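Written below as structure tokens is the structure these notes are about.
No lab work stands behind these numbers, since they all come straight from the coordinates. Every value quoted in this text rests on a predicted model; they were computed, and no experiment measured them. Here Cβ is always computed from backbone atoms with ideal geometry, including for glycine, and neighbour counts include all displayed protein chains.
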Amino acid sequence: MTVAEQPSPFSAARLAEFRARYAPASFDKLSLLDDQYLIAAEGRYRVYYAALGALPPADAKVVFVGLTPGFSQVVEAARAFVETPKAIRDDPVTYSGILRHRVAFAGSMRRNLCSMLDAIGVPSALGIRESNELFSNAMASAAATSALVYPVFVGPELRNFSGTGIDLARIALFRRMMDELLAPRLAHAPGALIVPLGVAAATGVSYLRDHGAISIERVLTGMPHPSGSNGHRKRQFQDNADALRSRITDWFS
């Protein structure tokens, strides 16, 4: 039986089971990456459940696509899950706003991302003052997801997956995640501009584009990953800024 023929570990029913019993004993790695939360594995890659993965608003105007949640995002998502009353967690619109505000590219990554978005004219295109407003609880114009929606960790040390030098489409597990998790999320906001952040995330978006899941016109190419560890970020952005600014103007006009 091929990977494609095997029962999907990412079915809605199975993910709902993980969510129903999600109750980490603490916010350390031992608890959050316990085997009971292991969704799937292939080779040195292990995919764990985290309290993430909400659908974007159907009327979102832009969807940011990172690579995969890192452990710090897993921790913050778990805190949000535990601290939020169940009635609010069960409201997908309200809870997705909470996750966007508390978890999406939190910390220095968000500052770096917003600085780039400000520089290419995103606020004026969306009628807001500054890009940081996109991550407020109430802002439904923007959504954030990942090429690999649930967090991927590497090796026995469970290191964050950096994606360096990897075409996501070459790994069967990752193709399945993109087909079954990312594609439906992008389809749920059909009018949104898709903004992959960094080379690795872009390979995932390109895979869906090449297989007809999304149109090329929807994709803003050339945005660097906003991580502070991306030493080429500033140079890449400077090289691409004019083209990015022009695409923003054309898309939102």
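Values as computed for the structure displayed
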item	result
Whole-Å semi-axes of the range 145-253's equivalent ellipsoid (Cα gyration tensor)	24, 20, 10
Stretch gain in nm, segment Phe252-Ala187, where the contour uses 0.36 nm per residue and the Cα spacing is subtracted	21.5 nm
Computed label-point distance, nm, for sites Ala243 and Glu180 using a 7 Å Cα→Cβ extension	3.5 nm
Cα-Cα separations in the range 91-200 greater than 25 Å, expressed as whole percent	28 percent
Under 27 Å from the Cα of Lys234 - lysines, other chains or at least 8 residues apart	Lys61
Globularity index of the chain, i.e. its alpha-carbon radius of gyration over 2.2 N^0.38 Å	0.97
